[in-house]
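Accompanying notes for the structure given below.
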Amino acid sequence: MSDRSVRLQALKHALKERILILDGGMGTMIQSYKLEEQDYRGKRFADWPSDVKGNNDLLILTRPDVIGSIEKAYLDAGADILETNTFNATQVSQADYGMQDLAYELNVEGARLARKVADAKTLETPDKPRFVAGVLGPTSRTCSLSPDVNNPGYRNVTFDELVENYTEATKGLIEGGADLILIETIFDTLNAKAAIFAVQGVYEELGVELPIMISGTITDASGRTLSGQTTEAFWNSVAHAKPISVGLNCALGASELRPYLEELSNKAGTYVSAHPNAGLPNEFGEYDELPSETAKVIEEFAQSGFLNIVGGCCGTTPGHIEAIAKAVAGYAPRAIPEIPKACRLSGLEPFTIDRSSLFVNVGERTNITGSAKFARLIRDDNYTEALEVALQQVEAGAQVIDINMDEGMLDSKKAMVTFLNLIAGEPDISRVPIMIDSSKWEVIEAGLKCIQGKGIVNSISMKEGVEQFIQHAKLCKRYGAAVVVMAFDEAGQADTEARKKEICKRSYDILVNDVGFPPEDIIFDPNIFAVATGIEEHNNYAVDFINACAYIRDELPYALTSGGVSNVSFSFRGNNPVREAIHSVFLLYAIRNGLTMGIVNAGQLEIYDQIPAELRDAVEDVILNRTPEGTDALLAIADKTRATAASRKPRPKSGATGTSTSAWSTHWSRASPPISSKTPKSRASRSPGRSKSSKAR
């Protein structure tokens, strides 16, 4: 067993036994040495063409004695985990000094120096081994925000550029001897997702896997990161990294950090860390909070059961760390709570879906194939009005918005990136999760590189074979996205109940057993096809879909279901009153049988009980395939229904009053048995509470 493996076993054991101590502020201590330009330059960089004072990472090479002494002081104060002095050791950050070519060396030497100091301390206290956390800082740029207020879609760094930066840095930290990788001071979650993507890629390439620590930063009293996410939304966005710990650091002092740390400790199914500032800075940017004051607040954190790892950030010194270590020594570490499995999505705010959730409305009007208006706006590069369409969907009750840019005459990838970047600057839209919808993998992947939250990919399938299916699933997992899985395999699209069940079961087994995909993040789309087309083979399509949903609910643990609801009424395109009635009736039975979410127009859903009785009866005959004459009967009243609706005063729909789809689905049970087609037609069977196909309420 390697030395690193031994240390990792010791780390895991220690985390179960006590609250571990992280070190304190590096910059604070460097400032106390009052170093000058020549200290930063040393002999090697004596002739460097620009000033380098302030490049603290460079001191690893030019004043390792200073960095080493600071690190030793923190270990002497009681720290268990030593952070490498590599906060800005990426090309994008070192470019500020023209030193981007030093990035790899800085990470290697930074880890080596910390390793040397930690190992020396371990020799002094063999019963208390010390660990090295290789630090990946946030960089000096943001991937989900524009630095230009006049151009909200502009980015001065891309996801791919960050991945390249973090890949190089991670390899250097591993080579230098780090025990863990700490992605810290996250103010933009998309930067952190790029770091996670890079770290996991390095692990796969090198055949090693170190624990990952993740720490975000709440920037002010709003309780959000700089890029706008709440604490829970941030956790949902990075949980796919399966970090050994998640925490908060910097920006705020311990007192101000408390409510957000408490929230994280309740939500996170892993260890929780905190390394706050020594209070808030004074008017000179200095920190006045005494070690005893910081320690008193943090002791209450430990007493409340919030902590597994604790240290300090800006303004903290070895004195603070010593006081903190003594303050928490008598308290047990936080017990990791049992977090129920659920699909935990996020935009700027969290959104959770599980089997007990009400029906989830996925707004369809930002789908270029589902809205002629949206398609026109995108073709005309009128993104300002296109954003208004997205906003209208959210305001009308959409809890997720589906974005699709697939059109032959359009650069779909460019359009997807442009629109998502613009949405990121609109908090009233970006507060909800995004569903990235495309039949082209390159468009899906481009979209995943633009969203800081945890979204949904729509879709992947076995259409092109199992190998590609697995490849796409693994990438979705690394990007931290849930997936819609179409009931499609090498033989084609599932159209019967039996085929839907067969493909969904096979897909589920591959994803869960071979890929290790979280089952709660799998959303099956068993294919909604049009009914009432005049073709007899199509008459049972709605029943087949509804029964497939029931099968998935009952036989595929934690998996969810979805569908493009407008497909079922496609044979009545142009007749909106009939289409809305079809959607309402279809949803009633589908939701009762397990349908979790649907892609619908959030502002146009008819209330079931408000559908005229004659129309409702005819639609139910078609949806449930209760009679061979169902299509003819519905066609016979379709034109009359359209004319009546045109002369009637408009009634508020579910979204028109600001009420989400879930508001009118509260009475729809998910416990119904499968539907049998061609059941006897009776007045009793038409009541939503007494349907023979849906007895359970």
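Only the coordinates and a few stated rules stand behind these numbers; no lab work does. A quick note: this is a predicted structure, and the numbers were derived from the prediction, not measured. Every residue, glycine as well, gets a Cβ built from its backbone with ideal geometry; the counts of neighbours run over all protein chains shown.
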Which residues' amide hydrogens lie under 5 Å from the amide hydrogen of Arg431, considering only partners 5 or more residues apart or on another chain, with H built in the peptide plane? Leu348
Give me the aspartates and glutamates in straight-line cross-link reach of Lys53: C-alpha distance below 16 Å, same-chain residues under 8 apart excluded. Glu36, Glu37, Asp39, Asp96
Give me a comma-separated list of calculated 3J(HN,Hα) values for the stretch 19-30, in order, Karplus coefficients 6.51, -1.76, 1.60 applied at θ = phi - 60°, integers in Hz, x for any Gly or Pro. 7, 7, 10, 8, 6, x, x, 7, x, 4, 6, 4
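Over 24 Å between Cα atoms, which of Lys413/Lys505; Lys171/Lys326; Lys454/Lys474; Lys12/Lys474; Lys171/Lys413 qualify?
On the way: Lys413/Lys505 32 Å; Lys171/Lys326 35 Å; Lys454/Lys474 15 Å; Lys12/Lys474 27 Å; Lys171/Lys413 31 Å.
Violating the 24 Å Cα-Cα cut-off are Lys413/Lys505; Lys171/Lys326; Lys12/Lys474; Lys171/Lys413.
Rounded to the nearest 500, what is the chain's calculated 222 nm mean residue ellipticity when only DSSP H runs of at least 4 contribute -39500 (n - 2.57) each, over all residues?
Values: 24 runs with 286 residues, N = 697.
Value at 222 nm, helices only, nearest 500: -12500 deg cm²/dmol.
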Lysines near Lys72 by alpha-carbon distance under 17 Å, same-chain residues fewer than 8 away left out - which ones? Lys116, Lys121, Lys128
By counting other Cβ atoms within 10 Å of each Cβ, how are Asp57, Asp509, Asp96 ranked from fewest to most? Asp509, Asp96, Asp57
Can you list the aspartates and glutamates whose alpha carbon is less than 17 Å from that of Lys341, not counting same-chain residues fewer than 8 positions off? Glu232, Asp354, Glu520, Asp521, Asp554, Glu555
Shape call for the stretch 102-153 from the C-alpha gyration tensor, a ≥ b ≥ c root eigenvalues: rounded (a/c under 1.5), prolate (a/b greater than b/c) or oblate? prolate
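Arranged from highest to lowest average of other beta-carbon atoms within 10 Å per residue, in what order do the peptides 460-469, 571-580 appear?
Result, highest mean first: 571-580, 460-469.
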Backbone HN-Hα couplings from phi across the stretch 61-70 [Karplus 6.51/-1.76/1.60, Hz, Gly and Pro as x]: 8, 9, 9, x, 5, 5, 4, x, 5, 5
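Which of the GluC sites (Glu not before Pro) found in the stretch 177-266 are in a DSSP loop and have at most 13 neighbouring Cβ atoms, other than their own, within 10 Å? Present the calculation step by step, with values, prior to reporting the outcome.
Working: sites: Glu184, Glu204, Glu205, Glu209, Glu232, Glu256, Glu262, Glu263; in loops: Glu209.
Here the GluC sites (Glu not before Pro) that fit, given the DSSP loop and packing criteria, are Glu209.
Once you list every other residue whose beta carbon is under 9 Å from the beta carbon of Ala114, what net charge do they have if Lys and Arg are +1 and Asp and Glu are -1?
Values: positive: Arg112, Arg115, Lys116; negative: Glu71, Glu83.
In short, +1.
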Under the classification rounded if a/c is under 1.5, otherwise prolate if a/b is larger than b/c and oblate if not, where does the stretch 344-686 fall, given a ≥ b ≥ c as square roots of the Cα gyration tensor eigenvalues? oblate
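In the stretch 344-686, what % of DSSP beta bridges are antiparallel (nearest 5)? Working shown, then result.
Details: 5 of 30 bridges.
The antiparallel fraction comes to roughly 15 percent.
I'd like the antiparallel share, as a percent to the nearest 5, of DSSP beta bridges with both residues in the chain.
Details: 7 of 58 bridges.
Close to 10 percent.
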So if I take the centroid of the Cα atoms in the stretch 49-95 and the same for the stretch 485-540, what is the distance between those two points in Å? 54 Å
Karplus couplings for the stretch 179-192 from phi (6.51 cos²θ - 1.76 cosθ + 1.60, θ = phi - 60°), rounded to Hz, Gly and Pro as x? 8, 9, 10, 10, 8, 10, 6, 6, 9, 10, 5, 5, 4, 5
